[in-house]
Amino acid sequence: MPSNKSVSDAPITQFINCRILRDNELQREDLWVREGRILDPEKLFFDEQGYADKRVDCEGSIIAPGFIDVQINGGYGIDFSQASEDVSDGVSFVAKKILEHGVTSFCPTLVTSPPEVYHKVLPQVKVHDGGPHGAGVLGFHLEGPFISAEKKGAHPEKYLRTFKSGGLEHLMEVYGSLDDVAIVTLAPELPGSQSVVRELSQRGITVSLGHSAADLSQAEEAVQQGASFITHLFNAMLPFHHRDPGIVGLLTSDGIPAGRAVYYGMIADGIHTNPAALRIAHRAHPSGLVLVTDAITAMGLPPGRHTLGQQVIEIQGLHAYVAGTKTLSGSIATMDMCVRHFKQASGETRLLWRCRSDHHCSSLPVLSSRLQCPGGSGSCLPASGSASGNQPQKGKAGLRLRRRPCSAR
């Protein structure tokens, strides 16, 4: 029978013969989905008097949420910040490999580079849904070059930029285009940055604060202009101070506009952030946590010398350093490693999906033990080892529905 069209014209898909992770156990039950959103069957039947338009037999496959990595610089020998004629092939190769670690969509990340690199790389990769061929691309994350020299980390200082008069026009000169760009990391204390934050946000691009020596008031002003994310919290920013907590203070700031939230990435690889710092951040603002790998070319490869954009990187054990220094330059961790480390560090056994629809790529899943969306707008999607597509797809790895931005809490 068709669904109740008085409620929605969209068709309803019923996934049968599937296993769903609920309350820390795999349970056999059907899953009902409309427009990528999981439905409450009780409300569907009794309130809407709706039924499935289509049934998909999962043949015993598991339907589970997939991970989203919004900061990954490359991996398996591929460096996204290296200009070449086959950038898209490299991104596709990494997209295929990270499926093995549960990542079903990601933001290829470019570190601080000369303009010609952006002009060469950005046009070669487009936003697209995933599938058995690889994880979907949500859009580029451009980390720099508009960052602080004081907190540059592994970014090469000679390519750092400040905003000239015109702000966004200067940014466009450097990047060439903002097509297929999802996130821009910048330092909010740079002169002219606030107008850039505002204009990027108005274009639907997530502005992330990072590699910055900003104080709390500068960070709050950026949020008031539209910034909504923090790049790898605690790393490459002023350390917490009780009289001025800097960007870290955004986690509990009362200067955030009503109805707005700030999310923050954390590299839970056991190297970049002490477990105690993970716990402090998570307990202060649990709904804002987004795990990222910040993985570099060396992920999935043995120790040795590799690249990160214009820098040479040395792998020593589990550490990745700028060659000849003790400056960390990203991680070699996979997303499932980060999730396991966070779970161990935090003591969390249950994290719920909280769904949003107001900012593309601004709040993302890190871990889930339930599929039920706790109400509100947005969509919460099941996934499996295969990545998302516009339509439900069945394959050996199971099923993955069209992605939507979600976050864990």
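The values are calculated or read from the model by the stated rules, or taken from the named source; none is laboratory data. Here the structure is a predicted model, which is why all the values come from computation and not from measurement. Neighbour counts run over all protein chains shown; Cβ positions are idealised from the backbone, glycine included. Side chains are part of the model used for accessible areas, which takes the heavy atoms of the whole protein and leaves out ligands, DNA and RNA. Shrake-Rupley method; radii C 1.70, N 1.55, O 1.52, S 1.80 Å.
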In whole Hz, the Karplus estimates of ³J(HN,Hα) for the range 143-151 (6.51, -1.76, 1.60; θ = phi - 60°; x where Gly or Pro) are 9, x, x, 8, 10, 7, 5, 5, 10
Of 32-43, 293-304, ordering from highest average Cβ density within 10 Å down gives 293-304, 32-43
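Tell me the per residue accessible area of the range 1-122 using a 1.4 Å probe; a whole number in Å² is fine.
Details: 5460 Å² over 122 residues.
On a per-residue basis, the range 1-122 sits at 45 Å².
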With +1 at each Lys and Arg Cβ and -1 at each Asp and Glu Cβ, the charge dipole magnitude of the range 69-126 around its Cα centre, to the nearest 20 debye, comes out at 140 debye
Charge dipole of the range 118-257 built from unit charges on the beta carbon (Lys, Arg +1; Asp, Glu -1), centred at mean Cα; most positive-end Cα among VAL197, HIS133, SER148 is HIS133
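Go through LYS120, LYS96 and list them by solvent-accessible area, largest first, probe radius 1.4 Å. Mind dumping the intermediate values first?
Working: LYS120 70, LYS96 100 Å².
Order by accessible area, largest first: LYS96, LYS120.
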For ARG279 the rounded accessible area (nearest 10 Å², probe 1.4 Å, non-protein molecules ignored) is 80 Å²
Taking placed amide H atoms and a strict 5 Å upper bound, the residues 5 or more places from VAL312 or on another chain that come that close are ALA323
Here the range 108-116 yields Karplus 3J(HN,Hα) values (6.51, -1.76, 1.60; θ = phi - 60°; whole Hz; Gly and Pro given as x) of x, 10, 10, 7, 3, 9, x, x, 5
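Would you mind getting the accessible area per residue of the range 298-350, heavy atoms of the protein chains only, 1.4 Å probe, in Å²?
Numbers: 2590 Å² over 53 residues.
Solvent-accessible surface per residue comes out at 49 Å².
Leaving ligands, DNA and RNA out of it, rank ASP254, ASP53 by accessible area with a 1.4 Å probe, largest first. If you can, show how the numbers build up before the last one.
On the way: ASP254 145, ASP53 65 Å².
In descending accessible area the options line up as ASP254, ASP53.
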For the range 207-298, shape from the Cα gyration tensor axes a ≥ b ≥ c, cut at a/c of 1.5 then a/b versus b/c, turns out prolate
Heavy-atom accessible area of the range 64-207 with neighbours in place, 1.4 angstrom probe: carbon+sulfur share in percent works out to 50 percent
Long-range amide H partners of ALA64, meaning residues 5 or more apart or on another chain whose placed amide H is closer than 5 Å, are ALA383, SER384
Taking TYR118, TYR76 and ranking on accessible area (1.4 Å, protein atoms only), highest first, one gets TYR76, TYR118
Here the range 239-245 yields Karplus 3J(HN,Hα) values (6.51, -1.76, 1.60; θ = phi - 60°; whole Hz; Gly and Pro given as x) of x, 4, 10, 5, 8, 8, x
Sorted by chain and number, the residues with a modelled amide H under 5 Å from that of ALA320, at a separation of 5 or more or across chains, are SER329
